[in-house]
Structure formats: structure tokens, C-alpha cells
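Structure first, commentary second.
The values are calculated or read from the model by the stated rules, or taken from the named source; none is laboratory data. This one's a predicted model, so the numbers in the text were calculated from it and none came from an experiment. Note that each Cβ is placed from the backbone with ideal geometry, even for glycine, and that neighbours are counted across all protein chains shown.
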Amino acid sequence: MSYETLNELPAALIEGLEGGTLVPYLGPGLLALCDSAPPADPVALATKLTAKVSVPGKIKNRLTAAAQFIENFKHRQTLVKTMNEAFAQQAVPSPLHQWLAQLRSPLIVDAWYDDTLRSALVAASSRVDWAEVQGLAQSEHFGHWLGWYDAAGAAQADPIFAPTVFYKPWGGHAPAGNYLVSDSDFVEVLTEIDIQSPIPLPVQQRRGKLGFVFLGCRFNDQLPRAFARQIMKRSAGPHYAVLPEPPTRMEGRFLAEQGITRIALPLAEVAELLTGALVPAA
């Protein structure tokens with residue numbers, strides 16, 4: 001199995017994002033475009049958590065295991081508190097965050113815990129045209145996979161079919177401190193995700209006409225691969241991933257399996273292209 005690699009940003013990608021046929025799928029690497037950002041990868045977040053709560057050395061750099069230890073031996077409330085503290089620092093949205101927020105995309109997926117894109121959506125919206133849905137931990141919300149919030153951050157009981165659905169599959173700092181972060185959090189979701197129970201209904205309905213553009217994502221761990229695979233399920237494509245570093249063996253297999261075209265350009269350069277600082281390739 002092989003995947004296509006491009007060394008330029010195709011005009012079709014930009015046109016798809018602007019036209020709403022391609023939608024952004026964001027990862028923690030997008031925070032590299034921001035100054036004074038909160039933790040921007042699992043190891044940095046694990047370091048932040050374990051600076052507050054002592055854990056065994058062998059799991060100190062393993063985010064989900066460290067979070068599980070804190071939950072087991074210090075209580076879930078301690079884990080949520082340390083996560084809230086880790087993401088209390090607000091990053092100023094980069095020009096790319098601002099550009100993405102202004103697209104009026106039918107769907108935005110953000111697989112990290114920071115509030116950066118949310119802040120950009122708030123700043124960009126002159127009307128109530130977006131809603132947020134976050135993954136919920138079963139340890140805190142047993143029987144409920146998803147939490148819905150309107151553009152003002154108020155909790156809603158039912159799915160909101162807003163023009164833009166902002167989906168945080170791992171939860172997020174704002175507005176309610178929902179986090180999927182410990183081993184048990186992810187095990188609960190992964191036992192159901194294949195039958196799509198934890199995937200929001202508007203996501204399932206809209207993706208059939210959409211392709212995904214992965215920005216700031218790596219697929220060198222089974223968790224981001226598993227979530228991306230299930231969120232992309234039955235989507236129309238095409239799909240692209242900005243991945244300047246040579247993919248690992250498992251990343252390469254994932255790209256080929258999912259039909260994702262690799263864009264071998266630095267994220268900062270792609271950001272300039274998308275925000276209009278450079279002329280895209282024809």
C-alpha cells in the first residue's frame with residue numbers, strides 16, 4: 001500500500017475549504033503557530049500534569065497512563081483540576097485559526113483540549129451560527145457520550161444542527177472542563193466507537209459529502225488513528241494531511257489505508273498559503 005505525496009499545496013484544497021466540501025481536522029501541532037501556547041503535544045501535557053502530581057517514573061511521559069494514575073490514586077477531581085490548570089493559559093489565535101474560523105465550514109474537528117479555535121470562532125461570529133459538541137468521560141457522565149453547547153457556551157440537551165458544528169472528540173477546557181485523557185476514558189469510547197455511538201449525529205450526516213484536511217495532526221499513536229478513522233468513516237473525500245516530517249511506518253500505513261494525500265510542507269508555510277500570503281500552486 002502506498003500514499004500520494006505532494007510538495008506543493010493544491011489549489012483544489014484551498015477551494016474545497018473555502019467552498020465547504022473539505023473541512024478542517026485539527027491537532028495539537030496547530031499550537032506551534034501561536035505564541036505562549038498551552039501544552040502542544042501529549043508528552044508536554046504529561047510533563048505538566050506530573051509536575052503537579054507525582055507519578056511513577058516509568059509512566060511519567062505517557063499521558064493516558066499518567067492521567068489514569070492520577071485518577072486512581074488522587075481522584076478524578078484532581079485530574080480535572082490539573083487539566084484545567086494546564087489549559088488555563090489562553091493562546092492568541094494565529095492567523096490560520098482566524099482564517100479557519102471565518103470559513104463558515106459545515107464541520108470543524110479539533111482533537112486537542114485548548115480553547116484557541118473556539119476563541120477564534122467567538123471573535124468571528126456576528127450571529128449564532130455555530131455550536132459545539134464535546135466528548136464526555138463516562139466516569140463523570142455515565143451513559144452520555146456527548147455534551148452540546150451553544151455559541152455562548154450554554155449547555156444544551158439535544159444536538160444542535162447549526163451551520164457550523166465544532167466537534168471536540170477528546171473534550172476541551174472551555175466551557176465545562178470535559179476531558180477524555182485517561183486510559184479508562186479512551187477504553188470506554190473505543191469499545192463503542194466502531195458502531196459510532198460516540199460520534200455526533202450531525203457529524204455522521206454531514207461527512208458523507210465531505211473530505212478532511214488534517215492540520216497539526218500526527219498519526220504515530222493508535223489513539224489519533226482510531227478516532228480519525230471512525231470520524232472519517234463513510235466520508236466522501238478527498239483527504240489531505242499536512243505532514244512535513246517523514247511518516248513513521250504506522251503513519252504511512254494509515255495514510256494509505258484511508259486514502260490521505262500527504263502535503264510535505266511545513267505547517268507555517270501552509271498557514272501562509274491558506275491565509276493568502278503566498279500564491280497557491282495551480
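Observations on the structure shown:
- Residue check for Ala66: surrounded by fewer than 17 Cβ atoms within 10 Å (Cβ to Cβ), on the phi < 0 side of the Ramachandran plot and at pLDDT 95 or above: no
- Enumeration of residues in the range 22-53 that are part of a loop (DSSP other than H, G, I, E, B) and touching a Leu at 6+ places or on another chain (Cβ under 9 Å): Gly27, Ala37, Pro38, Pro39, Ala40, Asp41, Val53
- Filtered residue count, the range 114-142, keeping only those that are under 16 Å from Leu201 (Cα atoms) and either in the same structural domain as Gln77 (by TED's automatic domain parsing) or part of a loop (DSSP other than H, G, I, E, B) (or both): 1
- Scan the range 54-79 for residues that are in a helix (DSSP H, G or I) and over 30 Å from Val23 (Cα atoms) and the total you get is 17.
- Only one entry in Asp183, Asp194 is in contact with a helix residue (DSSP H, G or I) (Cβ under 6 Å, 6 or more places away or on another chain), acidic (Asp, Glu) and either more than 24 Å from Pro159 (Cβ to Cβ) or surrounded by fewer than 18 Cβ atoms within 10 Å (Cβ to Cβ) (or both), namely Asp183.
- Looking at Ala162, Ala174, just one residue is more than 23 Å from Ile193 (Cβ to Cβ), in contact with a Lys or Arg (Cβ under 8 Å, 6 or more places away or on another chain) and surrounded by 15 or more Cβ atoms within 10 Å (Cβ to Cβ), and that residue is Ala174.
- For the range 88-107, the set of residues classified as closer than 16 Å to Gly29 by Cβ and outside any helix (DSSP H, G or I) consists of Ala91, Pro93, Ser94, listed by residue number.
- Residue tally, condition out of contact with any strand residue (DSSP E or B) (no Cβ under 9 Å at 6 or more places or on another chain) and either under 17 Å from Asp129 (Cα atoms) or not in a loop (DSSP other than H, G, I, E, B) (or both), over the range 156-200: 9
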